[in-house]
1. Whether any residue in the stretch 119-129 is away from ligand 2 (no atom under 16 Å from the Cβ), open to solvent by 70 Å² or more (accessible area, probe 1.4 Å) and either of a type in the set (S, T, N, Q) or more than 27 Å from ASP68 (Cβ to Cβ) (or both) is what I want to check.
2. Can you name the condition, by its number, that PHE167 falls short on among (1) in contact with a strand residue (DSSP E or B) (Cβ under 8 Å, 6 or more places away or on another chain); (2) in a loop (DSSP other than H, G, I, E, B)?
3. Consider MET160 against the criteria (1) touching a Lys or Arg at 6+ places or on another chain (Cβ under 7 Å); (2) assigned to a loop (DSSP other than H, G, I, E, B); (3) within 16 Å of ligand 1 (Cβ to nearest atom): it satisfies all of them except one. Which criterion is unmet?
4. What number of residues within the stretch 60-99 satisfy the criterion of being on the phi > 0 side of the Ramachandran plot and at pLDDT 90 or above?
5. Scan the stretch 191-247 residue by residue and report those that are aromatic (Phe, Trp, Tyr) and within 24 Å of LEU21 (Cβ to Cβ).
6. So for the stretch 54-70 (the condition being part of a strand (DSSP E or B) and charged (D, E, K, R)), does at least one residue qualify?
Amino acid sequence: MTETGTPMIRMAAVDKHFGELHVLKDINLEVAAGQVVVVLGPSGSGKSTLCRTINRLEPIDGGEIAIDGKALPAEGKALAGLRADVGMVFQSFNLFAHKTILENVMLAPTKVRRQNKAEAEKNAMRLLERVGIANQKDKYPAQLSGGQQQRVAIARALAMGPKVMLFDEPTSALDPEMVNEVLDVMTTLAKEGMTMLVVTHEMGFARRAAHRVIFMADGEIVEDATPDDFFTNPTSDRAKDFLGKIL
Ligand code: ADP
Ligand code: MG
């Protein structure tokens, strides 16, 4: 919570369908400022959809989502502003192939935030240094490893000055030896107090960095616990079954 007690992310009675499929069922979730929440659950349980609704990449059918106390509007300029408050990093890095690393990080701040170039470049360089990749700034995405590209994607999301960062399986597409360099950047970000919602299968990260674990199954939040409690004492059969398969 902030001093005023307003949660950074608030989802109240959120419902979402894809045609017949009820993909999010009465989701109620509050994430306090500075809290790191890891979202676990089997494939198809609705984890990606949850992230995408928070960023309004997907509309919802019912309920409410608010970021730092401001309800997400359906569309228009206000939506663009609020969307900028929520940074998102995907499994596929989605960098612009024909732009350099530096240009990738500068693009949204200059186009959307209307920062001047000098200011955007200074900020971008600071962020590239933070993710340990400033020396690659003039290269193109294809010249970087997957781990490096994902770190650029994190810098790019941070360049908008988001209040919340969503990560949807950010290391799932990486070769194993590159997973830690990305998790390290995320762990640092968490320690610095960023509010984060992280879908991941990296249980080490969940134990180390998460304040809370949310377990989803069939579009519902089935468990909401500390990592310690969740891993040692899952209460639902579905969570026990899930943990039995992955641990
Ligand atoms: P997870 O990320 O937990 O694997 P998703 O949120 O991607 O789950 O998907 C939840 C369910 O919604 C799945 O059954 C999936 O097939 C379905 N789904 C996801 N996106 C769409 C879409 N754009 N149109 C129709 N069905 C979708
Ligand atoms: Mg997914």
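1. yes
2. With respect to (1) in contact with a strand residue (DSSP E or B) (Cβ under 8 Å, 6 or more places away or on another chain); (2) in a loop (DSSP other than H, G, I, E, B), PHE167 is out only on (2).
3. Only one criterion is unmet by MET160, namely (3).
4. Count: 3.
5. Passing the criteria: PHE215, PHE242.
6. Yes; the residues of the stretch 54-70 include at least one that is part of a strand (DSSP E or B) and charged (D, E, K, R).
Here is a yes/no grid of residues against (1) acidic (Asp, Glu); (2) over 19 Å from LYS47 (Cα atoms); (3) outside any loop (DSSP other than H, G, I, E, B):
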{"position": "ALA142", "(1), (2), (3)": "no, yes, yes"}
{"position": "SER172", "(1), (2), (3)": "no, no, no"}
{"position": "VAL179", "(1), (2), (3)": "no, yes, yes"}
{"position": "VAL185", "(1), (2), (3)": "no, yes, yes"}
{"position": "HIS201", "(1), (2), (3)": "no, no, no"}
{"position": "ILE214", "(1), (2), (3)": "no, no, yes"}
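Residues are listed down the side, and each one gets a yes or a no for (1) surrounded by 22 or more Cβ atoms within 10 Å (Cβ to Cβ); (2) assigned to a loop (DSSP other than H, G, I, E, B):
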| position | (1), (2) |
| --- | --- |
| PRO7 | no, yes |
| ALA12 | no, no |
| HIS17 | no, no |
| HIS22 | no, no |
| LEU29 | no, no |
| GLY34 | no, yes |
| LEU50 | yes, no |
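The values are calculated or read from the model by the stated rules, or taken from the named source; none is laboratory data. Remember, it's a predicted structure, so these values are computed and weren't measured experimentally. Quick reminder, even Gly has a Cβ in these numbers, built from the backbone with ideal geometry, and neighbours come from all protein chains shown. Each accessible area value is taken on the protein alone, full model and side chains, heavy atoms only, with ligands, DNA and RNA left out. Shrake-Rupley method; radii C 1.70, N 1.55, O 1.52, S 1.80 Å.
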